[in-house]
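Asks: Encoded as structure tokens, here's the structure I'll be asking about.
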Amino acid sequence: MAANYWLSSQNRHWRFTRQQLENIRLETESETRYSRPELGDPRHLRIYFHSLIQSLGRHLSVRQQALATSEIYLARFYVRTSVQETNPYLIIATCVYIACKMEECPQHIRSVVSEAKSLWPDFITHDPTKLAECEFYLIEELDSFLIVHHPYRSLIQLSKALGASGVNVGLSSDEMQTAWSVINDSYITDLPLLYPPHVIALTAIYMSVVLRPPPVAAQAERAKTRLQKIMDWFAGCGIDLEAVVDCAQEMISLYDVWESYSEKTCRELIARVFSGRRG
């Protein structure tokens, strides 16, 4: 594994600017062979896919980092491939299968197929060769770059640094849990395709501390001093604050969109696309 993120395939081949992502997606959609049905807000679809991965992961007892890796694979895959041209349920099952191999918690192919079939019986067959074939297809589309660096390690390291002597503003257990949840949710967005893991980890810290509900009056001054220490530490580390703010805005936008998300609507839209292709 490339221990240095900056030398990794993730940074050198799978990190984009927003404009680059938009251009690639526009080109991908223009090449779609099928007439494009109305899929609504693409972020709703991303939330839906996220829930599918989490559901399959629970059924297989897969640890979170492997599920996060599968979400990265899915996001990369759909940069260059249209949802309308695939069976997303099979793609998701394949992403989880490959991610478990890469994260050293392998699942038997028949177990993955069996659990996926139980969850999505209309879209998954009992034949494991379908997933095996999809595995080769997906790896090819990912250019065989399967090693992924995640923000979780950065979060732990940064939390320790904040609690070190001279800074002494370490995260509370509640703040750490909130930051961890923000990272989990970041995989629904384009952030892993746009920013290094440590920037996403810093954003999670920022959101868990800076954007907390106002404390009671008796704690206000103490919270203000602590917040200033954290921001001074951010600035002293040479952190790109604009990147952190951009990431935070992306997450806030996601949570706002989540309010109008309907799992039933997304499920029906995908079924309509799939049945239209088969017809």
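The values are calculated or read from the model by the stated rules, or taken from the named source; none is laboratory data. Keep in mind the model is a prediction, meaning the values are calculated, not measured. We place every Cβ from the backbone using ideal geometry, glycine too, and count neighbours over all the protein chains shown. The protein model used for the area step is the full one, side chains on, heavy atoms only, and it has no ligands, DNA or RNA in it. Shrake-Rupley method; radii C 1.70, N 1.55, O 1.52, S 1.80 Å.
Asks: On the accessible surface of the chain, probed at 1.4 Å, how many percent belong to carbon and sulfur atoms?
Replies: In the chain, the share of accessible area belonging to carbon and sulfur is 51 percent.
Asks: Take each uninterrupted DSSP H stretch in the chain, measure its Cα extent along the helix axis, and return the ones at 24 Å or beyond whose mean Kyte-Doolittle hydropathy is at least 0.5. List each step's numbers first, then the result.
Replies: Details: long enough: 42-60 (27 Å, -0.24); 64-80 (25 Å, 0.05); 217-236 (29 Å, -0.54); 241-258 (25 Å, 0.68).
Result, helices passing both filters: 241-258.
Asks: Here's another thing I want to ask about it. Taking amide H atoms as placed 1.01 Å from N in the peptide plane, list the residues 5 or more away in sequence, or in a different chain, whose amide H sits under 5 Å from that of I188.
Replies: For I188, whose amide H was placed from the backbone, there are no distant partners under 5 Å.
Asks: Sum -39500 (n - 2.57) across every DSSP H segment of at least 4 residues in the chain, then divide by the residue count to get the 222 nm mean residue ellipticity, nearest 500.
Replies: -22000 deg cm²/dmol
Asks: Let me know the charge dipole size of the chain about its Cα centre in debye, to the nearest 20, where only the beta-carbon of Lys, Arg (+1) and Asp, Glu (-1) is charged.
Replies: Working: 28 positive and 32 negative charges, 90 e Å.
It works out to roughly 440 debye.
Asks: With the dipole of the chain worked out from charges on the C-beta (+1 for Lys and Arg, -1 for Asp and Glu) around the Cα centre, which of V167, V257, Y78 lies farthest toward the positive end?
Replies: My answer, from the dipole projection, is V167.
Asks: When a/c reaches 1.5 or more, the comparison of a/b and b/c decides; with that in mind, is region 1-147 rounded, prolate or oblate per its Cα gyration tensor?
Replies: Oblate.
Asks: List the lysines whose alpha-carbon lies under 23 Å from that of K160, not counting same-chain residues fewer than 8 positions away?
Replies: Partners within reach: K224, K229.
Asks: Quick one: order D256, D127, D185 from most to least accessible surface, probe 1.4 Å.
Replies: Ranked list, largest accessible area first: D256, D127, D185.
Asks: So which residue, out of V257, V148, V79, gets the largest mean-square fluctuation from a GNM of the chain using Cα contacts under 10 Å as springs?
Replies: V257
Asks: Further question on the same structure: How big is region 117-214 by Rg and Dmax over its Cα atoms, in Å?
Replies: Both quantities, over Cα of region 117-214: 19.0, 59 Å.
Asks: Shifting gears a bit: Of R25, R212, which has the most accessible area and how do the rest follow, probe 1.4 Å?
Replies: Output order, biggest surface exposure first: R212, R25.
Asks: Per residue, what volume in Å³ does the Cα convex hull of the chain take up?
Replies: On the way: hull volume 39.9 nm³, N = 279.
With only Cα atoms used, the chain gives 143 Å³ per residue.
Asks: Still on this structure, please answer the following. Rank M102, M251, M231 by accessible area, highest first, at a 1.4 Å probe radius?
Replies: M102, M231, M251
Asks: Please compute the modelled spin-label separation between Q157 and D127, points set 7 Å along Cα→Cβ, answer in nm with one decimal.
Replies: Reported label-point gap for D127 and Q157 is 4.6 nm.
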